[in-house]
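The values are calculated or read from the model by the stated rules, or taken from the named source; none is laboratory data. Model, not experiment: these values are computed from the prediction. Cβ sites come from the backbone with ideal geometry, for glycine too, and all protein chains shown count toward neighbours.
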Amino acid sequence: MANKNFIAILMGSDSDLPTMKKCIDVLTTFEVYHEVKILSAHRTPQQTMEYVKDAEQRGCSAFICAAGLAAHLAGAVAANTIKPVIGVPMDAGPLQGMDALLSTVQMPGGIPVACVAIGSAGARNAGFLACQILAVSDNDLAKRLLDARELSRKTILEKDLSLQQQLASENE
Ligand code: RP5
């Protein structure tokens, strides 16, 4: 799915794909063009940088980079672009993502990575954050995001109402 103003999703391994599906689903839901690539800072360093340069030239607006363990993918991509880079630490390995979190978030000053939470919530939020970046200059997308927030608000309030009714009936 390549077009102007697309989001590039990179992940270090196909083992990251089940988690990153949550990110892909968000971009698909909000009708945001995106590409998905398996590319690694460690295993395919040259191809990763070639892709970043090529994606930039084709209109990539932001990069989402998911990696686990000693996760350098987001930082390595950020070193080669001034497009926003969102890092998603994967919950892989014996440290349950703490290694990837610190590797991704602790960038030196001047080369930022917007690091989201470890795992599924981070994958979803990476998708939302990328949408919000595009929505700065896309009013239709901004409207879709606001509608989703409103639906989320109503859903929670309905669940609370249902809980209060259940508790009240138990106390009768
Ligand atoms: C990282 O190493 C990948 O992003 C993945 O999260 C982790 C493990 O990769 P595999 O050994 O499953 O390919 O580079």
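If I ask for residues that are away from the ligand (no atom under 15 Å from the Cβ), surrounded by 18 or more Cβ atoms within 10 Å (Cβ to Cβ) and not polar (S, T, N, Q), which ones from region 53-73 would you list?
Ala55, Cys60, Ala62
Please tell me if Ala130 is surrounded by 11 or more Cβ atoms within 10 Å (Cβ to Cβ), touching a residue at least 24 places away in the same chain (Cβ under 8 Å) and not assigned by TED's automatic domain parsing to the domain that holds Ile86.
So Ala130 fails the test.
Can you name every residue in region 74-106 that is of a type outside the set (Val, Ile, Thr), part of a loop (DSSP other than H, G, I, E, B) and surrounded by fewer than 24 Cβ atoms within 10 Å (Cβ to Cβ)?
Ala79, Asn80, Lys83, Pro84, Asp91, Ala92, Gly93, Pro94, Leu95, Gln96, Gly97, Gln106
Would you confirm, using the coordinates I've provided, whether Glu150 is in a helix (DSSP H, G or I) and more than 14 Å from the chain's Cα centre (by Cα)?
In short, yes.
Using beta carbons and a limit of 6 Å, which pairs, at least six apart or on different chains, have the first residue in region 95-117 and assigned by TED's automatic domain parsing to the domain that holds Gly68 and in contact (Cβ under 8 Å) with a residue 40 or more places away in the chain and the second one surrounded by fewer than 18 Cβ atoms within 10 Å (Cβ to Cβ) and assigned to a helix (DSSP H, G or I)?
Pairs that qualify, where the first residue is assigned by TED's automatic domain parsing to the domain that holds Gly68 and in contact (Cβ under 8 Å) with a residue 40 or more places away in the chain and the partner is surrounded by fewer than 18 Cβ atoms within 10 Å (Cβ to Cβ) and assigned to a helix (DSSP H, G or I), are Cys115/Val105.
Determine whether region 74-84 contains at least one residue that is closer than 28 Å to Asp147 by Cα, within 13 Å of the ligand (Cβ to nearest atom), in contact (Cβ under 8 Å) with a residue 24 or more places away in the chain and in the same structural domain as Lys22 (by TED's automatic domain parsing).
no
Go through His34, His42 for me and flag whichever is in contact (Cβ under 8 Å) with a residue 24 or more places away in the chain, away from the ligand (no atom under 16 Å from the Cβ) and surrounded by 14 or more Cβ atoms within 10 Å (Cβ to Cβ).
Unique residue meeting the criteria: His34.
Taking only pairs six or more apart or across chains, which ones have beta-carbon atoms under 6 Å, a first residue in region 53-70 that is under 18 Å from Ser137 (Cβ atoms), and a second residue that is within 16 Å of the ligand (Cβ to nearest atom) and assigned to a helix (DSSP H, G or I)?
Sorted first by the residue in region 53-70, then by its partner, the pairs are Phe63/Val77.
Please count how many residues of region 11-31 are under 15 Å from Ile86 (Cβ atoms) and within 16 Å of the ligand (Cβ to nearest atom).
Qualifying residue count, region 11-31: 8.
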